[in-house]
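Asks: Input: one structure, supplied below.
The values are calculated or read from the model by the stated rules, or taken from the named source; none is laboratory data. Keep in mind that this is a model prediction, so the values were computed, not measured. Cβ atoms come from the backbone with ideal geometry, glycine included; neighbour counts cover every protein chain shown.
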Amino acid sequence: MSRISALIVARNEAERLPGLLASLEPADEIVVVLDRSTDASLAIAWKRAHRVIEGAWATEGERRNAGLAACTGDWVLEVEPDEIVPPALWPEIRRVAQSSPHAWHRLRIDNHLGDRLIRRGWTGRLGAAEKPVLSRRGAKRWRERTEAEAEWEGSEGPPILAAGLHRVVDTDVSGLLRRLDRETDAEAADRLAAGRPGTLPGALVGAVRGSFGSFFRHGGWREGGWGVLLAVLAGMVPVLSHLKARLEPERHRNEDA
């Protein structure tokens with residue numbers, strides 16, 4: 001029987017960790033990576049996790065690779081702190097882990113703003129409708145650079161769509177704007193750590209691509225005003241990230257120090 005490791009990479013997520021960890025009980029192993037956490041995350045993680053790693057990593061790719069290396073299961077399920085694995089999803093995860101000839105699979109993500117389910121329009125740091133988060137151990141490695149992307153060994157299998165990860169992005173529009181601020185802070189720090197703050201023309205091109213992709217390619221137009229909101233925010237991510245790195249480099253270097 002294939003063993004499944006559940007992996008969480010977090011920083012100061014004491015409020016959300018208990019619910020997420022409880023939803024991971026069906027996993028054979030729970031691994032938590034804590035990046036410079038100063039709240040109660042460590043104590044909470046040790047209540048349910050089999051392994052907890054503390055450290056300070058310069059980029060998202062480095063911290064995620066540390067987590068993947070710590071997992072011992074045949075398959076790894078990567079879960080974000082703002083997600084919950086509903087009970088209905090575990091049988092599908094188990095079925096794929098036991099029978100799939102492929103190296104990795106995408107899972108459906110059910111993104112919520114408060115109690116409202118918004119299926120379409122998510123892109124980039126704000127979220128995605130599907131993500132490749134279930135993979136065989138050793139099949140995935142993150143590039144250790146700005147805007148971390150994954151490199152794969154092996155083929156992609158069919159997505160798991162029968163049930164989705166339950167993700168609460170935030171409670172309302174104001175919370176979503178605060179998330180935008182946090183995510184662009186994090187991306188600015190990663191850009192500076194990698195020595196690639198980018199250029200303003202490049203950021204503006206990224207803004208157009210982000211908004212267009214959110215609204216048209218990812219179907220945001222089908223969500224009405226909510227889709228317009230997501231498209232606007234998607235366009236702001238590359239511009240804000242670049243300007244924060246360019247105009248306030250010391251502040252964002254210090255945040256990730």
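Asks: For E92, state whether it is surrounded by 16 or more Cβ atoms within 10 Å (Cβ to Cβ) and either without any contact (Cβ under 8 Å) to a residue 60 or more places away in the chain or closer than 19 Å to D35 by Cβ (or both).
Replies: For E92, the condition - surrounded by 16 or more Cβ atoms within 10 Å (Cβ to Cβ) and either without any contact (Cβ under 8 Å) to a residue 60 or more places away in the chain or closer than 19 Å to D35 by Cβ (or both) - is not met.
Asks: Consider segment 79-112. How many of its residues are closer than 30 Å to D172 by Cα and assigned to a strand (DSSP E or B)?
Replies: So the answer is 10.
Asks: Then there's this: Name the strands (runs of 3 or more DSSP E) wholly inside segment 121-231 in which the number of residues that are within 18 Å of E83 (Cα to Cα) is 2 or more.
Replies: Passing ranges, in order: 130-136, 160-170.
Asks: Take H50 and tell me if it is more than 20 Å from A139 (Cβ to Cβ), in contact with a Lys or Arg (Cβ under 8 Å, 6 or more places away or on another chain) and modelled with pLDDT of 95 or more.
Replies: no
Asks: Of all residues in segment 145-174, count the ones that are without any contact (Cβ under 8 Å) to a residue 40 or more places away in the chain and not charged (D, E, K, R).
Replies: Total satisfying the criteria: 2.
Asks: Pull up segment 159-180, narrow it to residues that are over 16 Å from the mean Cα position of the chain (by Cα) and within 21 Å of L229 (Cα to Cα), then point me to the one that is surrounded by the fewest Cβ atoms within 10 Å (Cβ to Cβ).
Replies: Filtering segment 159-180 for residues that are over 16 Å from the mean Cα position of the chain (by Cα) and within 21 Å of L229 (Cα to Cα), the one surrounded by the fewest Cβ atoms within 10 Å (Cβ to Cβ) comes out as S174.
Asks: Name the one entry in R191, R119 that is surrounded by fewer than 20 Cβ atoms within 10 Å (Cβ to Cβ) and either more than 23 Å from R16 (Cβ to Cβ) or of a type in the set (D, E, K, R) (or both).
Replies: R119
Asks: Would you mind stating whether G235 is surrounded by 13 or more Cβ atoms within 10 Å (Cβ to Cβ), touching a residue at least 60 places away in the same chain (Cβ under 8 Å), within 21 Å of the chain's Cα centre (by Cα) and over 26 Å from E13 (Cβ atoms)?
Replies: Here the answer is no, as G235 does not meet what is asked.
This table checks each residue for (1) outside the structural domain of R141 (by TED's automatic domain parsing); (2) surrounded by fewer than 17 Cβ atoms within 10 Å (Cβ to Cβ); (3) part of a strand (DSSP E or B).
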| position | (1), (2), (3) |
| --- | --- |
| V32 | no, no, yes |
| A43 | no, yes, no |
| V52 | no, no, yes |
| W57 | no, no, no |
| E62 | no, no, no |
| N65 | no, no, no |
| A69 | no, yes, no |
| L77 | no, no, yes |
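Asks: To continue, here is another question. Residue by residue through segment 125-160, note down the ones that are β-branched (V, I, T) and at pLDDT below 95.
Replies: T146
Asks: Quickly run through segment 53-82 and pick out the residues that are over 27 Å from G195 (Cβ atoms), in contact with a helix residue (DSSP H, G or I) (Cβ under 8 Å, 6 or more places away or on another chain) and at pLDDT 95 or above.
Replies: D74, W75, V76, L77, V79
Asks: Let me ask something else about it. Do you know which residues across segment 14-30 are at pLDDT below 95 and surrounded by 21 or more Cβ atoms within 10 Å (Cβ to Cβ)?
Replies: none
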